[in-house]
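The values are calculated or read from the model by the stated rules, or taken from the named source; none is laboratory data. This structure is a prediction, so every number in the text was calculated from the model and none was measured. Ideal geometry is used to build each Cβ from the backbone, glycine not excepted, and the neighbour counts take in all protein chains shown.
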Amino acid sequence: MNRPAIIGSSALPVGRYQTPDDAEHHVVEHELLAKLVVDAIASAGVDKSDVSSIICAQPRSYTRQKYFSTFMANYLRLQCEGIVMETFGNGLTAALAFDKALDEILLGRAKVVLALAINMETSTPSSEHMKDSLRTTGDVDFHAPSGFTPISWYAMDAMRYMHEYNVPRTALASVAVKNRRHASLNPLAQYRDPITLEDVLKQRTIVEPLGLYEVPPRGDGACVVVIASEDVAKSLKKPYSVVRGRGFFHEGAHQINEVPNSMIDFVAAQRASATAYANAGVTVADIDFAEIYAPCTIVEVLASEAIGLTTRGRGAFSAEEGVTTLGGAIPISTSGGLTSRGHPPYATPLYNAYEVNEQLCSMAGERQVADARLGLLMNELGNYNAALIHILEAMSP
């Protein structure tokens, strides 16, 4: 089978780009994204005419332009015989764009595909943003009226985890310190100034026990990934990363489930990772690094344990002891993660794919994982009810 490969990419540094409605001059989303498409195609070494499909992550509801995928096809003057479409899946939104782009290659519909995403939200009032989030992540007739926010879910998970495994607050906070160290080496990161454990612990509480540096900042961003069939990748005579395995599992639950279940097992990630390892023909011991969709420190801990990268009950201690940092046994979130690299939600999974490819092609600079051969890309839907995992392999020309 002709495997899909990442051959090029481009991304905006995560930051503040959205302009308020009453601004004299507006930042236009499609112009930002179009420049990235041009840069990504150039980095891939292919021609615009080679692109047969466009898979776009559906933008935020407050993005001015609607039906964004076909609008981009028009703006870029890209005629496509594969598909032009948008995906939506809350935290998985851009991950689904990536996944569907892979399908276009696997089904033989296209030789070169664009997966692209833009997320603009920083000038949207917090009240509007929270209202939109509540209606997306919770039961609109039950959770939304009571104001039960995603960060409060994760905070409760953190409390349960700390109690269950006797984990001190300092160990959990160490994840934020580790990720900021990685972000300090990443030119795309929203926050790059190093922080100490004391810095994390003295920040104001957002939801007990999580403080300001342990939850995701609001940020704007855009990313484009160029995916091609492996024969195209080989013809370019340069390093690339090939998608070797995939796993997905959905528990059949929407965020918080009314059926009692574990707050800290992350069953979806356990099941998805088992499928991905088997599909790739590898074991967890073969993985060299991982990029994880983890909005809060606790999510990275529970995810790393669920997929077998760290021992059950030891995920936070692994960060504290340097196991999951650059130079450690299994580096996690080398981009800086969502807490420091930044989290423009509907684009975040493509930023994660960008990072995995940078590592596998030895283009990560100061944050390069030595001898990186197999990288794991993990994204989750929200409160652990679903997980999508890809395993990528470094390939030489």
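Restricting Q65, Q58 to those that are among the polar types (S, T, N, Q) and either over 30 Å from N385 (Cα atoms) or without any contact (Cβ under 8 Å) to a residue 24 or more places away in the chain (or both) reduces the list to Q65.
Results for (1) touching a His at 6+ places or on another chain (Cβ under 9 Å); (2) buried (at least 19 other Cβ atoms within 10 Å of the Cβ); (3) over 23 Å from E31 (Cβ atoms), shown as yes or no for each residue.
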site	(1), (2), (3)
L78	no, no, no
T87	no, yes, no
A97	no, yes, no
L106	no, no, yes
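Scanning the range 172-198 for residues that are assigned to a loop (DSSP other than H, G, I, E, B) and not β-branched (V, I, T) yields S184, L185, N186, P187, L188, A189, Q190, Y191, R192, D193, P194. Counting only residues that are among the β-branched types (V, I, T) and surrounded by 15 or more Cβ atoms within 10 Å (Cβ to Cβ), which one in the range 29-59 is farthest from the chain's Cα centre (by Cα)? Going through the qualifying residues, I end up with V46.
Looking only at residues in the range 199-222 that are basic (K, R) and in a loop (DSSP other than H, G, I, E, B), the one that is surrounded by the most Cβ atoms within 10 Å (Cβ to Cβ) is R218.
Being farther than 30 Å from I54 by Cβ, buried (at least 18 other Cβ atoms within 10 Å of the Cβ), in contact (Cβ under 8 Å) with a residue 60 or more places away in the chain and touching a helix residue (DSSP H, G or I) at 6+ places or on another chain (Cβ under 6 Å): is that true of I264 here? The answer is yes for I264. What do you reckon, is S333 touching a Phe, Trp or Tyr at 6+ places or on another chain (Cβ under 7 Å) and under 20 Å from S184 (Cα atoms)? No. Only a single criterion out of (1) assigned to a loop (DSSP other than H, G, I, E, B); (2) surrounded by 16 or more Cβ atoms within 10 Å (Cβ to Cβ) is not satisfied by D141, namely (2). Being out of contact with any Gly (no Cβ under 9 Å at 6 or more places or on another chain) and at pLDDT below 95 is a description that does not apply to S362. When S235, S229, S262 are checked against the criterion of being small (G, A, S) and more than 30 Å from V46 (Cα to Cα), a single residue qualifies: S262.
Criterion first (part of a helix (DSSP H, G or I) and among the polar types (S, T, N, Q)) does S49 satisfy it?
On the way: part of a helix (DSSP H, G or I): yes; among the polar types (S, T, N, Q): yes.
In short, yes.
For the range 95-137, a residue qualifies if it is under 30 Å from D22 (Cα atoms), of a type outside the set (D, E) and either in a helix (DSSP H, G or I) or modelled with pLDDT under 80 (or both), and the qualifying residues are S126, S127, H129, M130, K131, S133, L134, R135, T136, T137. Any chance you could count how many residues in the range 110-130 are out of contact with any helix residue (DSSP H, G or I) (no Cβ under 8 Å at 6 or more places or on another chain) and of a type in the set (D, E, K, R)? Total meeting the criteria: 1.
Okay, residues lined up against (1) within 20 Å of S133 (Cβ to Cβ); (2) among the hydroxyl-bearing types (S, T, Y); (3) part of a loop (DSSP other than H, G, I, E, B):
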{"residue": "L338", "(1), (2), (3)": "yes, no, no"}
{"residue": "Y346", "(1), (2), (3)": "yes, yes, yes"}
{"residue": "A353", "(1), (2), (3)": "no, no, no"}
{"residue": "E358", "(1), (2), (3)": "no, no, no"}
{"residue": "E366", "(1), (2), (3)": "no, no, no"}
{"residue": "V369", "(1), (2), (3)": "no, no, yes"}
{"residue": "A372", "(1), (2), (3)": "no, no, yes"}
{"residue": "G375", "(1), (2), (3)": "no, no, no"}
{"residue": "Y384", "(1), (2), (3)": "yes, yes, yes"}
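When the range 271-307 is filtered for residues that are under 18 Å from R244 (Cα atoms), part of a loop (DSSP other than H, G, I, E, B) and either within 16 Å of the chain's Cα centre (by Cα) or not polar (S, T, N, Q) (or both), the ones remaining, listed by number, are G281, V282, I287, D288, I307.
Pairs linking a residue in the range 368-379 that is in contact (Cβ under 8 Å) with a residue 40 or more places away in the chain and within 13 Å of I391 (Cβ to Cβ) to a residue that is surrounded by fewer than 24 Cβ atoms within 10 Å (Cβ to Cβ) and basic (K, R), with Cβ atoms under 6 Å and 6 or more positions apart or on different chains, do not occur.
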